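What follows draws every value from the coordinates through simple rules; no lab data is involved. This is a predicted model, so every value here is computed, not measured. Here the Cβ is made from the backbone with ideal geometry for all residues, glycine too, and neighbour counts use every protein chain on show.
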Amino acid sequence: MKLEAVKTIGVLGGGVMGGGIAQVTALAGFDVVVRDLTQELIDQTHDAIFESRWGMKRAVEIGKLEFDQVSEAIPRISFSTDVAALSSCDFIIEAVPEKLELKQKIFQELDAIVKPEAIFTSNTSGFVIADIARDVSDSRKTLFAGMHFSNPVPTMKMCEVIYTPETSEETIETVSGVGERAGKAISMVQDAPGTYGFLLNRIFAAARREADLIVDAGIASEEDIDKAMITGRNWPAGFYGDRGGIGKQW
Ligand SMILES: NC(=O)c1ccc[n+]([C@@H]2O[C@H](COP(=O)([O-])OP(=O)(O)OC[C@H]3O[C@@H](n4cnc5c(N)ncnc54)[C@H](O)[C@@H]3O)[C@@H](O)[C@H]2O)c1
């Protein structure tokens, strides 16, 4: 499917990442359907998109978005507990918890109900994309890619696009195009069997391992390592102190 044909995006899981992904894709002009398991979870996602620290209301208050942008984006987002609500979506972004079996099961289920030409993507932090796509049909495998956003999605520009040997050129272009339209800077990454973490998380983990070796050898303290990375490399946070945006603690 070409980028111009993508009108409706289905977001699976309205948690920390799914809510942010719904927000940026609706602001980019796509219709968005968010699916989560219960009405209570959907209400939380709704509040996160509109009222939270990174939500649309505050973005207008602090001048990051225009009122008109937000009022146009709001009606584009709908919510459902029913997976069938995603059946006519052109493009799926999955953001359910980081459990390989859960993602495999969900994509197998979606493969049967979502129209055959729709593109499937996963926001996994690092599972091999071909493993996540294991149980979908061969034709869908050509439409399958990774799309790894960074938290908080409304403010972090990074998006890794991960392609497998089976991902078609057109799918790679469309996935990158959706990310770019959502305001993201795309880094292309080849799917790598037997690894975890694509580009960002692998490099960060390697640096963290080195930092731990330095601490364990008594060469420097955690505080001094954090201080050096923050003041010497302009990192917003170090390895050990308050990590700000990681996880749900925003
Ligand atoms: N939080 C981060 O900093 C971060 C950053 C990048 C990528 N990720 C990845 O994004 C994914 C989601 O992470 P998160 O932090 O948003 O998790 P989260 O726990 O905040 O949200 C996951 C949501 O998925 C829902 N869910 C579970 N099963 C579902 C199903 N069958 N259908 C629809 N919804 C379902 C849950 O109810 C929950 O609301 C994970 O793969 C994670 O590794 C997370």
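Which value in deg cm²/dmol, rounded to the nearest 500, describes the helix-derived mean residue ellipticity at 222 nm for the chain, given -39,500 (n - 2.57) per DSSP H run of n ≥ 4 and division by the residue count?
-12000 deg cm²/dmol
Cross-link list LYS57/LYS184; LYS64/LYS115; LYS99/LYS227; LYS57/LYS105; LYS64/LYS141: which exceed 28 angstrom alpha carbon to alpha carbon?
Where the Cα-Cα span goes over 28 Å, the pairs concerned are LYS64/LYS115; LYS99/LYS227; LYS57/LYS105; LYS64/LYS141.
Using a simple charge model, +1 on the beta-carbon of Lys and Arg, -1 on the beta-carbon of Asp and Glu, nothing else, what dipole does region 174-250 show about its Cα centre, in debye to the nearest 20?
Values: 9 positive and 10 negative charges, 83 e Å.
Here region 174-250 has a charge dipole of around 400 debye.
Let me understand the chain better: what is its radius of gyration from the alpha carbons, and its Dmax, in angstrom?
Values for the chain (Cα only, Rg and Dmax): 18.7, 58 Å.
Based on the alpha-carbon gyration tensor of region 104-250 and its eigenvalue square roots a ≥ b ≥ c, which shape applies: rounded if a/c is under 1.5, prolate if not and a/b is larger than b/c, or oblate?
prolate
Which whole-number percentage describes the relative contact order of region 1-142, with Cα contacts under 8 Å and a sequence gap of 6 or more? Don't jump to the answer; show the numbers that get you there.
Working: 225 pairs, mean separation 38.3, N = 142.
Result for region 1-142 is 27 percent.
Beta carbons within 10 angstrom, averaged per residue: use that to sort the peptides 78-89, 123-134, 213-224, highest first. Show your work: numbers first, answer last.
Numbers: 78-89: 15.9, 123-134: 21.0, 213-224: 11.6.
Averaged packing, sorted descending, gives the order 123-134, 78-89, 213-224.
How about region 37-109: which trypsin sites (Lys or Arg not before Pro) there are in a DSSP loop, with at most 16 other Cβ atoms within 10 Å of their Cβ?
Passing both the DSSP loop test and the Cβ count: ARG53, LYS64, LYS99.
Would you mind checking which residues have amide H under 5 Å from SER78's amide H? H placed 1.01 Å from N; only 5 or more apart, or other chain.
For SER78, the qualifying residues are VAL32, VAL33, VAL34.
Check each of the GluC sites (Glu not before Pro) in region 1-96 and keep only those in coil by DSSP with at most 13 other C-beta atoms within 10 angstrom; list them in order.
GLU66
On a 0 to 90° scale, report how tilted helix 222-232 is relative to the longest principal axis of the chain, with both axes built from alpha carbons and the result rounded to the nearest 10.
That works out to roughly 70 degrees.
Using only Cα atoms, tell me the angle between helix 100-113 and the longest principal axis of the chain; keep it within 0 to 90° and round to the nearest 10.
Helix 100-113 and the main axis of the chain meet at about 20 degrees.
Does region 57-107 classify as rounded, prolate or oblate by the C-alpha gyration tensor (a ≥ b ≥ c root eigenvalues; a/c under 1.5 gives rounded; else a/b over b/c gives prolate, otherwise oblate)?
prolate
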